[in-house]
Amino acid sequence: MQNFGPVLGIETSCDETAAAVVCRDRSGKPRILSNIILSQIEEHSEFGGVVPEIAARAHLSALDRIIKAALQDADLSLEEISGIGVTSGPGLIGGLIVGLMTAKALSASNTIPYLGINHLEGHALTARLTDDLTFPYLLLLVSGGHSQILKIENLGQYKRIASTIDDAVGELFDKTAKLLDLGFPGGPMVEKAAKLGDPKRFQFTKPLRGQSTLNMSFSGLKTAVRNEAGKHTPLTDQTISDICAGMQKTVADFLAERCDQTITQHGQDTKTLVVAGGVAANGEIRNALEKTAETHGMRLIAPPLKLCTDNAAMIAWAALERFERGKVSSLDLSPRSRWPLDESAETMLGSGRKGAKV
Ligand code: KG4
Ligand code: ZN
């Protein structure tokens, strides 16, 4: 397998317009040459979630400038780029079209090969970009549109072990923040409020208690949060913090328990547990997973915060790995709003969906 030259990555599947350049250095070590992310938070905040139409227009007006900035930061011209990787699903269709069309145009007009990349594969392979990680490994993928546990066996070989049966865990954080009027995006706001709270005041029941399944569920917790908040109106800052702390602790303990069970049942040949996706930015969840991994003598890899949430470096990296194995996309590729990582697994809500959270 030959080392491939620098790859330009493009990400427009949700509410971040992002471009990045990733390559390998002379020794073969991955390097991020640039990583530009333009968040659309301001455009969406008054609606309390991502509005697909607004997102698509914002991507369209910003993407050229963001790509230029990524090339400039990497100190490379387009002629020096060996390949382009672009998110072609899953996600909001308008944004996906903007990114994919841009990549196709750049590819055709400059004779550079391009690859449509699964956004979830970007998250799944980030740990190979940041840490010296070999296949196989277990992955807890937790973000705004998906919550799954997968075995990453090899490039393109992803076995889904468990999935949420209803909401994604990021949705729980976002909806809790909306309910408690903490602002958008919800995850970081809930985490901030929880820091001042007492996690013992409200004891929420762990999801799917007593059921023999590795699957996850977060909609019951959402209702429990709503009920508890309803009992204490008007809400004081302290009660808001206590609710956030209680919810966050329950989620952290629940995810840690699921990983513990997964390692016991499916982790015999793996030495590493990876956590990826936006929710992996949460400190309490990281700490809980760290302890679980340690109990099993495993290493936990949680990529740096900037690479946990949506970014284009992970897309460039996934493309680089695929280019090195001789893959390329043709110009007739269509974007896919739904695109599960493990296509053989039974369809479940939240298992390959990613999109608007209003
Ligand atoms: O991976 P990501 O950037 O976008 C999707 O692919 O969905 O994840 C975004 C999700 C949002 O739901 C956001 O609230 C959540 O990740 N998130 C967090 C934190 N930071 C972001 N959830 C909990 N704690 C955080 N610190
Ligand atoms: Zn994501």
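Only the coordinates and a few stated rules stand behind these numbers; no lab work does. These figures come from a predicted structure and were not determined experimentally. Cβ atoms come from the backbone with ideal geometry, glycine included; neighbour counts cover every protein chain shown.
Summary table below
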quantity	calculated
Mean Cβ count within 10 Å, highest first, over the residues of peptides 232-238, 82-88	82-88, 232-238
Peptides ranked, highest mean first, by Cβ atoms within 10 Å: ranges 277-284, 178-185	277-284, 178-185
³J(HN,Hα) computed for each position of segment 124-136 - Karplus, 6.51 cos²θ - 1.76 cosθ + 1.60, integer Hz, glycine/proline x	5, 9, 3, 5, 7, 7, 8, 10, 7, 10, 9, 6, x
Expected 222 nm ellipticity per residue - DSSP helices of 4 or more, -39500 (n - 2.57), all of the chain, to 500	-13500 deg cm²/dmol
Alpha-carbon centroids, segment 228-254 and segment 73-110: separation in whole Å	42
Built amide H within the under 5 Å cut-off of Ala162, gap 5+	Ile149
Only Lys, Arg (+1) and Asp, Glu (-1) charged, at Cβ; the chain dipole about Cα centre in debye	520
Given charges at Cβ of Lys, Arg, Asp, Glu: segment 135-304 dipole, positive-most of Gly246, Phe173, Gly267	Gly267
Antiparallel bridges, percent of DSSP beta bridges restricted to segment 135-304 (to nearest 5)	60
Environment charge of Glu228, counting only residues whose C-beta is closer than 10 Å and scoring Lys/Arg +1, Asp/Glu -1	+2
Under-5 Å amide H pairs with Asp167, H placed in peptide plane, nonlocal only	Phe218, Ser219
